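S.K.: This is the structure I have questions about; it appears just below.
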Amino acid sequence: MVLATTIGTALEWYGFILFSTMSALVLNRLFFPPGDPVAATLASFATFRGAPVDRQGLSP
């Protein structure tokens, strides 16, 4: 049981680290307007911040 929990937690953290890196380097260029790269990066991080809230079912 401890091994399964450890593996699940490691995979979850890997997913969040991968998505946070992607949101900083790739997603801001793909999904947000190219006018202001700082604003696009901040919008991408704001989208990333909503993931834990949505995952817990707290968002409408």
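The values are calculated or read from the model by the stated rules, or taken from the named source; none is laboratory data. It should be emphasised that the depicted structure is a prediction, and the values quoted were computed from it without experimental measurement. Glycine also receives a Cβ, built like all others from the backbone with ideal geometry; neighbour counts cover every protein chain displayed. All accessible areas refer to the heavy atoms of the entire protein, side chains included, with ligands and DNA or RNA removed. Shrake-Rupley method; radii C 1.70, N 1.55, O 1.52, S 1.80 Å.
S.K.: Given ARG29, ARG55, which one is surrounded by 10 or more Cβ atoms within 10 Å (Cβ to Cβ) and at pLDDT 80 or above?
M.R.: One residue alone meets the criteria, ARG29.
S.K.: Same structure, new question: Can you name every residue in the range 11-50 that is in contact (Cβ under 8 Å) with a residue 12 or more places away in the chain and of a type in the set (S, T, N, Q)?
M.R.: Taking the range 11-50 as the starting set, the residues that turn out to be in contact (Cβ under 8 Å) with a residue 12 or more places away in the chain are 16, 19-20, 23-24, 27-28, 31-32, 40-41, 43-45, 47-48.
Across the range 11-50, the qualifying residues are SER20, SER23, ASN28, THR41, SER44, THR47.
S.K.: So how many residues does the range 5-24 have that are open to solvent by 60 Å² or more (accessible area, probe 1.4 Å) and under 12 Å from the mean Cα position of the chain (by Cα)?
M.R.: 8
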